[in-house]
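The values are calculated or read from the model by the stated rules, or taken from the named source; none is laboratory data. These numbers come from a predicted model, not from an experiment. Because the Cβ atoms are built from the backbone with ideal geometry, glycine has one as well, and the counts that use them run over all protein chains shown. The area values use the complete protein model at the heavy-atom level, side chains included, leaving out ligands, DNA and RNA. Shrake-Rupley method; radii C 1.70, N 1.55, O 1.52, S 1.80 Å.
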Amino acid sequence: MITTLKNNEKMRSKRGNFKKTVHSSGYSKQKPEYDFPEATPQMLNEIKERIQRERKRRTFKVVALTIILFFGLAYLVYVELK
């Protein structure tokens, strides 16, 4: 147990050196600033409608694929039990 404590103490000093090298290699805590364009209410409505259409298409595809797979598996089970 004493050996473990000594090893941990040795590692503590190494961890501090590592942090210093990470910060000195160009790492910055400042967040980058972005210049976003202003969104008009019309643009927001267009985005909203587009996202709703995409969600409806995706839902339709998932439901259709599920139904096709269900009937395919049901047919295979029916053929096996016949």
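Among the protein heavy atoms, those of residue 4 account for about 80 Å² of accessible surface (1.4 Å probe, every chain in place). In a fully extended conformation the segment linking residue 58 and residue 40 would gain 3.8 nm over its present Cα-Cα distance, using 0.36 nm per residue. The label point for residue 68 and the one for residue 5, both projected 7 Å from the Cα toward the Cβ, are 6.8 nm apart. Only protein heavy atoms count here; under a 1.4 Å probe, residue 55 has an accessible surface of about 120 Å².
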